[in-house]
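The values are calculated or read from the model by the stated rules, or taken from the named source; none is laboratory data. Since the model is a prediction, treat every value here as computed from it, not as a measurement. Cβ sites come from the backbone with ideal geometry, for glycine too, and all protein chains shown count toward neighbours.
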Amino acid sequence: MESDRSTQNTQDAPRCSVCGSPLKAGSCPRCGDTGGFQWIRRETLLLVLVAVASVPLYLFTREVAIRNRERKALAATYWHQRGQQQLVSGDTEGAIVSFHRSTVNDRENFQYGLELAKALAAGGYPEEARLALLRLRDSAPEDSEINLQLARLVASRGNVREAVRYYRNALYGVWPTETAAPERREVRKELIEFLLERQERTIALSELLLLSSELPLDSGPHIEVAWLFLRADDSQQALAHFLKALELDPKNETALAGAGESSFYLRDYRNARRYLRAALAQQPSLENASQLLEITDLILSRDPLASRLSLPERHRRLDANFTHALQRLESCMERQTESTEAHVSDLQTLHQEARELQPKLQLRSLRRDPGLINEGVDLAYRILQATHRSCGERSNLDQALVRIGERYQGGET
Amino acid sequence: MSLPLFPLAQRLRIRENQIFLGLTVLIGVIAGLAAVLFTLAIESTQDLLFGFSPSWWRLLVVPLAASLGAGFLLVRFFPEARGSGVPQTEAAFHLEQGIIPARVPIGKFLTGVLCVGSGHSLGREGPSVQIGAGIASAMGRWFKLSPSRVQNLVPVGAAAALSAAFNTPVAAVLFALEEIIGDMNAALIGSTVVASVTAVIVERSILGHDALFRVPAYQLVHPVELIAYGALGVAGGLISLLFCKGLLRARQWFLHMPSRSRLFQPAMGGLFIGILLLFFPEVMGVGYEYVDQALNGGLVWRTMLLLCFAKLAATIISYASGNAGGIFAPSLYLGAMLGGAVGVLVHSFAPFPTGEPGAYALVGMGALFAGIIRAPMTSVFMVFELTQDYQILVPLMVANMLSFLISRRYQPVPIYHALLEQDHIHLPPSGTRLAGGAVRVRQLMTQDITFVPEEASVESAWRLVQAQSAPCLLVGSRPRLVGLVSYPTLQQAMESGKSAEPVSQFLTDGWTHVHPDHSVEVALDRFRQNPGLLPVVSRRETSRVEGVITRQTILNFLESKPEM
């Protein structure tokens, strides 16, 4: 076709065999074709030359890219370290900015992203922290640290269901092999504490049972678990773990105090007194144990329904307890303006009831009708409960009398 | 001579089509490499000039000093390299037959690196487009391709460079078609796709396969959420409008400054940026790192809102003061910050379940891009290409369309075209090119024009207008049209005794013009708005007169073309 174009009309001026333009001095002014023998045209040669020239340009660009990446990694490390220093010095806002810059320079670095999320959470930006963590979680859903941070964030917002989900993801996620067991234990403890704070006793107890099954042979973990059981109102399990701790460390004052407290809640006041005394002998400054011991002593010394007591002793105890309850009631009624109307009415009814019962609580009457002792104990209990509701503070004796009342509420004698 | 003797050699000779194809691939490689190198050079320069933790004086001084240098280069050596590069590329494609001088891509590379690397709040895509188009144009001429082929290589180079700069090959092709060529049905789609894909392969082989942004998994949680996306689209439209109006007004202000101040205008912008960087270092440069943060929920909503407005001010001043850099990246930055802030607020306070704020940031990017750049198809496909998620399309289209409509309603001329108009260059809008018949103004106009010098007196103009029985006269000269003065105005001036005053004080307001490539229908329509004379001016320089249309020329044309 192209050669046809150059030869179609021999009358015309010679034309370029390639582009058809009129030739000048034997060569084409447009495409530069000289018309001579050349089986590779200038353009072909140029294409090859440019292609070859692009190879060193490519290699150069690649080298620049590698250097650039290295520089960015250095910058990221610098900002990460600076952020950590700022966190230590309490400058959370500054740390957030620094961690931002570290992630900006190395967005693939997981640790930098996590530090940023933690700083955001610590700086009071829970939503932003949650989003940052969710992004990280997209790339590593099994990562225990991310799930744990997410759980803490969600927990701080009170979302129990989500928090439990993330805590469990963290528990069953990937941990460094050498620290997996203690880390998991700590996370489970944290979950239990959160659940107990949120009054989710049932889930907390199931987690506690799991936690108790994987404890090492060491008094410390047993004591920790025992206290958690105690908070979850499972005094029986708590006592078992305190006793296990005492097996491993018989003079451990915390375990002794815990065993005392557990026994106290199990209404085993004699053993409670034993453990509490032993604990205070080891460590006299245990305030709670000291108070519990005082209450225990009061319970044991003022229970009119205790076994192996003479009737006069029962009468003496009942009379003392009832008199104390009545005094407490009257003192509370004097401050009735502070109470609500319903409370005032309750107190007045109880006062009326107490005034009616008091003359009946004579030794002779008790001989005739031992059930009056129960009535007296029950009324004292109700009075102290009502005064506690209306007037607040409760003395050790009040608590002891309430415990005595509780003990016999279910018909125990 | 020798060819008939060597038929094999003849067959080996490649034709222009094949050269064009080969060149397309090579342009993809070279424009891609240039775009990657440009990106890396900007980052390296930024690191070099600011270090890891720049002191306050460095933040203040670096943009100022670098802009002084850039200003010198831009005024003395590379005047075409100011600003984005996209409008210049469009002008080269439509008005210069695709000819971009070889110094332009070099100048754009140097000044772009200097300006963006020194902290100016500008993008790298616009300059990359101009660099890619410039490389393509230069290669086309070097290979001695026909003028139409050279012209066709411009969008090919632009698409390749954009593809490598933004890592979205499909959006790059659409951008070349929608913005540069202005025709989505252009025959060049094949070449732009080849170059774009080649460039992105080159880019990914160097920078890795990671997407430019880590994009959150998107989910439309509740249909009511579309209302929130609609609100984001409206907010995006308003911010787009604020940006376009602010940019055009600020640029006009700089253009009206004395011409000898041109050398220092970029430095004025540099000083402003330096001060702004003291408070908001996050608005420095391209800012994609922070877009990524907004997408992935690492930024606080108040920070995002503040950054949105800080970036808006920074980009307006950086661009208007004449520095080299684009508005593509800043528009995405603004969108991400606005969307992110809206997303966090919606997520926190909406009474219905909502998606993550990152999804709003993503939709915000598309909305601002549609509102500012006015390439709605590109914006939709760009975000779609980033997410590769069909679910985002509906909210994205809702937000984009609202933003686009609001922006178009109150700023009818797209920003790139408006910027060119400020430089007295009028691009032929696609509607004009396609509308009307085959007859163009150049066939209708006459070049027999009489000018009145602007310093001439009213009396001399009055005599001239009477002598010619003309309804109107052009004031100025052929290369520099100042305005029009009408017969009634001159008559009134003469009657009120102002015959000695210069005619330039009596110019007619609100006159219009046409370009040689306008259709006759457009010319007739505009003729009615002028006092009997319609100037025909160059698209490259709107003060340059190429002809006029009078009643007589119209009559002459109608007589010679009765079929019209």
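Considering B:Leu299, B:Leu277, the condition of being assigned to a loop (DSSP other than H, G, I, E, B) and among the aliphatic types (A, V, I, L, M) is satisfied by B:Leu299 alone.
Taking into account only those residues within the range B:377-400 that are of a type outside the set (A, V, I, L, M, F, W, C) and touching a Gly at 6+ places or on another chain (Cβ under 9 Å), which is modelled with the highest pLDDT? Out of the qualifying residues, it is B:Asn400. The sole residue among A:Gly123, A:Gly158, A:Gly173 that is within 11 Å of another protein chain (Cβ to nearest Cβ) and of a type in the set (Gly, Ala, Ser) is A:Gly123.
Taking the condition outside any helix (DSSP H, G or I) and either more than 19 Å from B:Gly269 (Cβ to Cβ) or at pLDDT below 95 (or both), does B:Gly28 pass? Criteria not met by B:Gly28. For B:Ile206, the requirement of being in a helix (DSSP H, G or I) and buried (at least 24 other Cβ atoms within 10 Å of the Cβ) is not met. From the list B:Pro351, B:Pro376, B:Pro330, the one residue that fits, being within 26 Å of the chain's Cα centre (by Cα), away from every other protein chain (no Cβ under 14 Å), surrounded by fewer than 23 Cβ atoms within 10 Å (Cβ to Cβ) and not basic (Lys, Arg), is B:Pro376. Filtering the range B:521-564 to residues that are β-branched (Val, Ile, Thr) and closer than 28 Å to B:Gln422 by Cβ leaves B:Val522, B:Val536, B:Val537, B:Thr542, B:Val545, B:Val548, B:Ile549. When B:Gln97 is tested against (1) in a helix (DSSP H, G or I); (2) surrounded by fewer than 24 Cβ atoms within 10 Å (Cβ to Cβ), only condition (1) is not met.
Put simply, of A:Glu128, A:Glu115 the only residue that is crowded, with 24+ Cβ neighbours inside 10 Å and either in a helix (DSSP H, G or I) or more than 12 Å from chain B (Cβ to nearest Cβ) (or both) is A:Glu128.
Against the criterion of being among the hydrophobic types (A, V, I, L, M, F, W, C), in contact with a Pro (Cβ under 6 Å, 6 or more places away or on another chain) and crowded, with 24+ Cβ neighbours inside 10 Å, B:Val383 does not qualify. Out of the residues in the range A:80-94 that are out of contact with any Asp or Glu (no Cβ under 9 Å at 6 or more places or on another chain) and touching a residue at least 24 places away in the same chain (Cβ under 8 Å), state the one that is nearest to the other protein chains (Cβ to nearest Cβ). The residue in question is A:Glu93. Quick check on the range A:264-283. Is at least one of its residues basic (Lys, Arg), touching a residue at least 24 places away in the same chain (Cβ under 8 Å) and buried (at least 19 other Cβ atoms within 10 Å of the Cβ)? Looking through the range A:264-283, at least one residue is basic (Lys, Arg), touching a residue at least 24 places away in the same chain (Cβ under 8 Å) and buried (at least 19 other Cβ atoms within 10 Å of the Cβ).
Within the range A:265-293, the set of residues being part of a helix (DSSP H, G or I) and under 29 Å from the mean Cα position of the chain (by Cα) comprises A:Tyr265, A:Glu287, A:Asn288, A:Ala289.
Taken together, A:Ala306, A:Ala354 contain a single residue that is under 24 Å from A:Ser390 (Cβ atoms), at pLDDT below 90 and over 38 Å from the mean Cα position of the chain (by Cα), which is A:Ala354. Filtering A:Leu300, A:Leu211 for residues that are in contact with a Lys or Arg (Cβ under 7 Å, 6 or more places away or on another chain), in contact (Cβ under 8 Å) with a residue 12 or more places away in the chain and more than 30 Å from A:Val164 (Cβ to Cβ) leaves a single hit, A:Leu300. Taken over the range A:56-71, residues that are facing chain B (nearest Cβ under 8 Å) and either acidic (Asp, Glu) or at positive phi (or both) amount to 0.
Checking every residue in the range A:139-159 against the condition of being polar (S, T, N, Q) and over 30 Å from A:Trp227 (Cα atoms) gives at least one match. Cβ-Cβ contacts under 9 Å between residues 6 or more apart (or on different chains), taken from a first residue in the range A:179-196 that is farther than 11 Å from A:Ala155 by Cα to a second residue that is in a helix (DSSP H, G or I) and aromatic (Phe, Trp, Tyr), are listed as A:Val187/A:Tyr167; A:Arg188/A:Tyr167. Taking the criterion of being in a helix (DSSP H, G or I), within 19 Å of A:Leu246 (Cα to Cα) and either at pLDDT below 90 or of a type outside the set (Phe, Trp, Tyr) (or both), the residues of the range A:212-234 that qualify are A:Ser212, A:Ser219, A:Gly220, A:Pro221, A:His222, A:Ile223, A:Glu224, A:Val225, A:Ala226, A:Leu228, A:Leu230. Evaluate the following for B:Ala310: is it part of a helix (DSSP H, G or I), out of contact with any Cys (no Cβ under 9 Å at 6 or more places or on another chain) and in contact (Cβ under 8 Å) with a residue 60 or more places away in the chain? Against the criterion (part of a helix (DSSP H, G or I), out of contact with any Cys (no Cβ under 9 Å at 6 or more places or on another chain) and in contact (Cβ under 8 Å) with a residue 60 or more places away in the chain), B:Ala310 does not qualify.
Within the option set B:Gly132, B:Gly119, being modelled with pLDDT of 90 or more and part of a helix (DSSP H, G or I) holds for one residue only, B:Gly132. Residues satisfying the criterion are absent from the range B:312-323 (criterion: aliphatic (A, V, I, L, M) and within 14 Å of chain A (Cβ to nearest Cβ)). Note on the range A:97-109: residues that are among the hydrophobic types (A, V, I, L, M, F, W, C), within 8 Å of chain B (Cβ to nearest Cβ) and either touching a Leu at 6+ places or on another chain (Cβ under 6 Å) or assigned to a loop (DSSP other than H, G, I, E, B) (or both) total 0.
Quick grid of which residues meet (1) surrounded by 12 or more Cβ atoms within 10 Å (Cβ to Cβ); (2) closer than 21 Å to A:Ala272 by Cα:
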{"residue": "A:Glu353", "(1), (2)": "yes, no"}
{"residue": "A:Pro359", "(1), (2)": "no, no"}
{"residue": "A:Arg364", "(1), (2)": "no, no"}
{"residue": "A:Pro370", "(1), (2)": "yes, no"}
{"residue": "A:Asn374", "(1), (2)": "yes, no"}
{"residue": "A:Tyr381", "(1), (2)": "yes, no"}
{"residue": "A:Arg389", "(1), (2)": "yes, no"}
{"residue": "A:Val402", "(1), (2)": "yes, yes"}
{"residue": "A:Gly405", "(1), (2)": "yes, yes"}
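For the range B:308-315, the condition holds for no residue, the condition being that it is modelled with pLDDT under 95, of a type in the set (Gly, Ala, Ser) and surrounded by 22 or more Cβ atoms within 10 Å (Cβ to Cβ).
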